[in-house]
Amino acid sequence: MRFWVEFGLMVLVGTAIFYIINSMFLVLQSFLDLPVPEAKHIAADMSFTAQIGTVLVLIFVLLPTKYRPTLPGRPLVGLVVVLALVCSLAMAFLWKEQLHGRSVTLWTIAAFAGSIGSLGNVVAWQWCAERNTSLLPAMSSGMAAGALIPSLISIVMQPGNGERFSVEVYYLIAAAIIVCSILSFLALDRTRAQAGAMSASVPLLINDSTINPTLQLYHAPQPTLFDKLMERFSFVKRHSFFIACLLLCLCSSLIFGWQPGLFPYIIPGGRALTAYQVCGQVADVLGRICAGNNLFKGVQYKAAFIEVSVFATMLFLAFLCNQSRAWFTPTMCVLNSVFAFSYGVTSTRFMMSTANNRNVEVLGSALSLGSGIGGVGVYFLVQNVFKK
């Protein structure tokens, strides 16, 4: 029972890490209907400024070990959840503020919220693994819940003209949820449970046989055609951890960088926009939960391939098909669900496949790097292609 209490508390802590940056895109329709001076470009602008923290985190991670101080996981995770609360209150009271024809609050909060996510990607995974590796799926699910919960609230809110309650109320609700995250962190900090202390007396979400010092490419007892094909590439087997970092970087660049900046252009506005986002958030949570319960052992490489393929399909349909067709929005919602589910499986399985704290930190940094690459890339794409 104690393990499951800790599991739930860890989910609540993880919820705060990406809550604010995700919520800003979920109420995008309210920003557009205000209207903000940047119009649809605001999505790419926020995605771009959200990467400021990524640069600082990567500089730190890439420093040689002898010059790089050890990050204190516990206080930094506490700092992350407190800053998330500050950002939610700032959005509640200042989100309409503009300066010289720019949405200064949205830009600034996106920068802080993105930095919170980047820092959280590095320290939260490591802090969680140090406590108990069996809690890694809880951290993964919590991060996904940081997108699912605001998306469900946005369904009730119906952002845009005629919304049921204001953006101010939306972020006061966010502040209340993040207060729960802070209390959960304090409760976990109080228990000071050592890593693996209760793993022998409770059912685990991670099978011990799947936790190895290095990432493994093969888990299935009966190799598939895909596995046999990959066996021919000895480079992949010798450098599986490096390949994993590259794939996580690519996958996170799509879901945290390119998609947030492009989705105002690939899906009609209004309720279709909200439905598209909610489908993705629900699928992401389901993917992480399934992967955390070992339902998709050893499929992270295939899931990454599916994610990339589905994203390319969505772009193809968005820019070459008529978005007003009746089939378009349901099709895009289904594709986005597959896209997000694949990412949830990919990220969770890669994190669960290593018990080395340094490797966990590097994988988290790969996620931040991918987000940064995608955010910067989509900003310049929108500025040069999707002109007003």
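Based on this model, can you work out whether LEU335 counts as of a type outside the set (Ser, Thr, Tyr) and either part of a loop (DSSP other than H, G, I, E, B) or more than 23 Å from LEU152 (Cα to Cα) (or both)? Spelling it out, it is not the case that LEU335 is of a type outside the set (Ser, Thr, Tyr) and either part of a loop (DSSP other than H, G, I, E, B) or more than 23 Å from LEU152 (Cα to Cα) (or both).
Being under 24 Å from VAL27 (Cα atoms), at pLDDT below 80 and either outside any helix (DSSP H, G or I) or among the β-branched types (Val, Ile, Thr) (or both) is the requirement here; does THR214 meet it? Considered against the rule, which asks whether it is under 24 Å from VAL27 (Cα atoms), at pLDDT below 80 and either outside any helix (DSSP H, G or I) or among the β-branched types (Val, Ile, Thr) (or both), THR214 comes out as no. Annotation: of all residues in segment 128-161 being hydrophobic (A, V, I, L, M, F, W, C) and within 17 Å of ILE116 (Cβ to Cβ), the one that is modelled with the highest pLDDT is ILE149. Screening LEU76 on (1) over 17 Å from THR108 (Cα atoms); (2) in contact with a helix residue (DSSP H, G or I) (Cβ under 7 Å, 6 or more places away or on another chain); (3) surrounded by fewer than 17 Cβ atoms within 10 Å (Cβ to Cβ); (4) at pLDDT below 80 shows it passes everything except condition (4). Does VAL278 count as in contact with a helix residue (DSSP H, G or I) (Cβ under 6 Å, 6 or more places away or on another chain), in a helix (DSSP H, G or I), surrounded by fewer than 23 Cβ atoms within 10 Å (Cβ to Cβ) and at pLDDT 90 or above? Taking the combined requirement at face value, the residue does not satisfy it.
Under the condition of being within 18 Å of PHE350 (Cβ to Cβ), aromatic (Phe, Trp, Tyr), open to solvent by 40 Å² or more (accessible area, probe 1.4 Å) and assigned to a helix (DSSP H, G or I), the residues counted in segment 289-323 number 1.
Apart from one condition, ASP33 fits all of (1) at pLDDT below 85; (2) within 22 Å of the chain's Cα centre (by Cα); (3) surrounded by 15 or more Cβ atoms within 10 Å (Cβ to Cβ); the exception is (2).
Yes or no, residue by residue, for (1) polar (S, T, N, Q); (2) modelled with pLDDT of 85 or more:
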{"residue": "TRP4", "(1), (2)": "no, no"}
{"residue": "GLY14", "(1), (2)": "no, yes"}
{"residue": "ILE17", "(1), (2)": "no, yes"}
{"residue": "PHE25", "(1), (2)": "no, no"}
{"residue": "GLN29", "(1), (2)": "yes, no"}
{"residue": "ALA39", "(1), (2)": "no, no"}
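Output yes when any residue across segment 3-17 is part of a loop (DSSP other than H, G, I, E, B) and surrounded by fewer than 24 Cβ atoms within 10 Å (Cβ to Cβ), and no when none is. No: zero hits.
The residues listed here are LEU89, LEU106, LEU136; of these, the one that is open to solvent by 30 Å² or more (accessible area, probe 1.4 Å), part of a helix (DSSP H, G or I) and not polar (S, T, N, Q) is LEU89. Of all residues assigned to segment 153-168, none qualifies as being more than 23 Å from ASN121 (Cβ to Cβ), in a helix (DSSP H, G or I) and of a type in the set (Phe, Trp, Tyr).
The selection criterion, being closer than 19 Å to THR54 by Cα and open to solvent by 10 Å² or more (accessible area, probe 1.4 Å), holds for GLN126.
Which count do you get for residues in segment 362-388 that are modelled with pLDDT under 80, open to solvent by 10 Å² or more (accessible area, probe 1.4 Å) and within 20 Å of ILE17 (Cβ to Cβ)? The total comes to 1. Residues of segment 109-123 that are within 17 Å of ALA43 (Cβ to Cβ) and surrounded by fewer than 24 Cβ atoms within 10 Å (Cβ to Cβ): ALA111 alone.
The values are calculated or read from the model by the stated rules, or taken from the named source; none is laboratory data. Just so you know, these numbers come straight off a predicted model, no measurement behind them. Reconstructed Cβ throughout: ideal geometry from the backbone, glycine too, with neighbour counts over all protein chains shown. To get the accessible areas, we keep the full protein, side chains included, count just its heavy atoms, and leave off ligands, DNA and RNA. Shrake-Rupley method; radii C 1.70, N 1.55, O 1.52, S 1.80 Å.
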